[in-house]
Amino acid sequence: MTIHSTADRELSLPAMLTDPIVQTVMARDGVTKQDLEGLIESVRGRMAARQAEDHETGRHESGTIAF
């Protein structure tokens with residue numbers, strides 16, 4: 001059995017979705033890959049709109065979320 005350390009890097013969403021434990025929890029909760037992708041796209045869209053609004057108003061807030 002191989003154990004992979006992730007302390008020095010973040011897993012990508014596709015990598016997390018291949019994890020058997022993640023797949024089991026998602027199945028238990030009735031969450032699909034498409035559900036997560038839709039949520040992420042929705043959040044990206046809202047963040048882009050907010051950033052555009054902030055740019056137009058000269059407001060700059062810290063913090064980003066990367067997917």
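None of the figures in this text is laboratory data; all of them are computed from the coordinates on show. Here the structure is a predicted model, which means the values were calculated and not measured.
Brief remarks on what is shown
- In sequence order, calculated HN-Hα J values of segment 42-51 (Karplus, 6.51, -1.76, 1.60; Hz; x Gly/Pro): 5, 5, 4, x, 5, 5, 5, 5, 5, 5
- Rounded to whole numbers, the Karplus 3J(HN,Hα) couplings from phi for segment 18-29 are 8, 6, x, 5, 4, 4, 5, 5, 4, 4, 4, 8 Hz, using 6.51 cos²θ - 1.76 cosθ + 1.60 with θ = phi - 60°, and x at Gly and Pro.
- Computed over segment 10-57, the ratio Rg/Rh where both radii use C-alpha atoms and Rh is Kirkwood: 1.18
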